[in-house]
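The values are calculated or read from the model by the stated rules, or taken from the named source; none is laboratory data. In this text the structure is predicted, and so the values were computed from the model without any measurement. Positions of Cβ are backbone-derived with ideal geometry, glycine not excepted, and every protein chain shown enters the neighbour counts. Heads up: the accessible areas ignore ligands, DNA and RNA and are worked out on the full protein's heavy atoms, side chains in. Shrake-Rupley method; radii C 1.70, N 1.55, O 1.52, S 1.80 Å.
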Amino acid sequence: SVALSPLLLGSKPGLWRSSRQEDFLKGTFKGVALTSDGRLVQAPEIKLVFDTTQPFIYSLQVDQLGNVLAGTGSEGKLYRVTADGQGSEVADFEQPGVHALAVSPGGEILAGTAPDGKVYRIQADGSVSTFFDPGEKYIWDLALNPGGTLFVATGPNGKIFKVDEQGR
């Protein structure tokens, strides 16, 4: 003989309506994004291509071959990631953050670091040398003009340096 509990509890169907941004923010988003006006839209697919194992990616740049260069922190490493997701370490700097990247027309990589900011040149053979030392705390950005002149944005005083191809 089988005894069944007379207190079997069932659940009743419920209905709730979420129509405000605040309502949606209480949930977990999978495959959708919430717009600033409270609409849910299909989100782009996010796919891990390469894991640097670093806690921060401060700068990204694409080289002439379509590889992505990633400047990271807190160990100050530079990585190259190919279109098929193969990644490799290009350089490891003394400073903990690679905050700025530029690629010269000849394929040399310029990397700006912080703190104790310096601009390094990484040549195609992988050799690393100091290209420019402005004596500033931070290198925030690098920009190359078509003539090969490098502009170096620094901090904390907001100075911009114009640097020729010889690093002067």
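Scanning the stretch 60-104 for residues that are open to solvent by 40 Å² or more (accessible area, probe 1.4 Å), in contact with a Lys or Arg (Cβ under 9 Å, 6 or more places away or on another chain) and not in a loop (DSSP other than H, G, I, E, B) yields a count of 4. For beta carbons closer than 9 Å, sequence separation of 6+ or different chains, a first residue in the stretch 134-159 that is without any contact (Cβ under 8 Å) to a residue 24 or more places away in the chain and under 23 Å from residue 107 (Cα atoms) and a second that is open to solvent by less than 50 Å² (accessible area, probe 1.4 Å) and β-branched (Val, Ile, Thr), the qualifying pairs are 149/163; 151/163. If you filter the stretch 26-49 down to residues that are under 20 Å from the mean Cα position of the chain (by Cα) and of a type in the set (A, V, I, L, M), you find that the one that is farthest from residue 86 (Cα to Cα) is 43. Among residues of the stretch 39-53 that are under 28 Å from residue 25 (Cα atoms) and part of a loop (DSSP other than H, G, I, E, B), none has a beta-carbon under 8 Å from a residue that is among the hydrophobic types (A, V, I, L, M, F, W, C) and open to solvent by 100 Å² or more (accessible area, probe 1.4 Å) at least six positions away or on a different chain. Comparison of 117, 112, 107 shows that the only residue that is in contact (Cβ under 8 Å) with a residue 12 or more places away in the chain, assigned to a loop (DSSP other than H, G, I, E, B), under 22 Å from the mean Cα position of the chain (by Cα) and on the phi < 0 side of the Ramachandran plot is 117.
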